[in-house]
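Some notes on the structure that comes next.
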Amino acid sequence: IDAVMQRRRSVKGIQAARQARPLLRESVDSSPESRMRMVMVSAGLPEPVVNPVVWLTTCLKRQPDLALLEWKLAFQYDGGGHAEQAQVNRDIWRDDDFDRHDWRTVRAGHDLFTPHGERAFLDRVRRAMREQERRGFGPTA
């Protein structure tokens, strides 16, 4: 991306692309996941890690869409593909695995794209961070 932007000095929209470039992250699976990350960062919350591999035990790993690792918080965007029963079951098992290992999952849906949904999501994130801090997770002082 950087090389292309350097070669395209006078293309329409190149300035906007250069301004947006620092916001891009590798390994993002979908634009809603990016939106979820940007909502958090824009609200002054720590930037979550994108698609980290989280080892819950030596033989059990999960990969949330986003995570605040120090808080043991996983973030999942549940779009239209999560409506099929097989995916619903996998989501339940994944969230249960996180829960059994002291993690908390915060989920977002399409309402993240509305002002009310965004506020509700941020409320859930902040509440989950406070709860995890009470349990002894979060940044070390």
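The values are calculated or read from the model by the stated rules, or taken from the named source; none is laboratory data. Computed from a predicted model, the values in this text were never measured in an experiment. Cβ: placed from backbone, ideal geometry, glycine included. Neighbour counts: every protein chain shown. Side chains are part of the model used for accessible areas, which takes the heavy atoms of the whole protein and leaves out ligands, DNA and RNA. Shrake-Rupley method; radii C 1.70, N 1.55, O 1.52, S 1.80 Å.
Data for the structure
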{"read-out": "Phe137, Phe75, reordered so the largest accessible area comes first (probe 1.4 Å)", "value": "Phe137, Phe75"}
{"read-out": "Thr114, Thr105, Thr58, ranked by accessible area, largest first (probe 1.4 Å)", "value": "Thr58, Thr114, Thr105"}
{"read-out": "Which of Glu70, Glu131 is most accessible, then next, and so on - probe 1.4 Å", "value": "Glu70, Glu131"}
{"read-out": "Cα→Cβ-extended label distance, 7 Å offset, between Thr140 and Leu69, nm", "value": "1.3"}
{"read-out": "At R0 = 25 Å, FRET efficiency that the Cβ-Cβ distance of Glu84 and Arg130 yields, to 0.05", "value": "0.15"}
{"read-out": "Hull volume in cubic angstrom per residue (convex hull over the Cα atoms of the range 70-141)", "value": "81"}
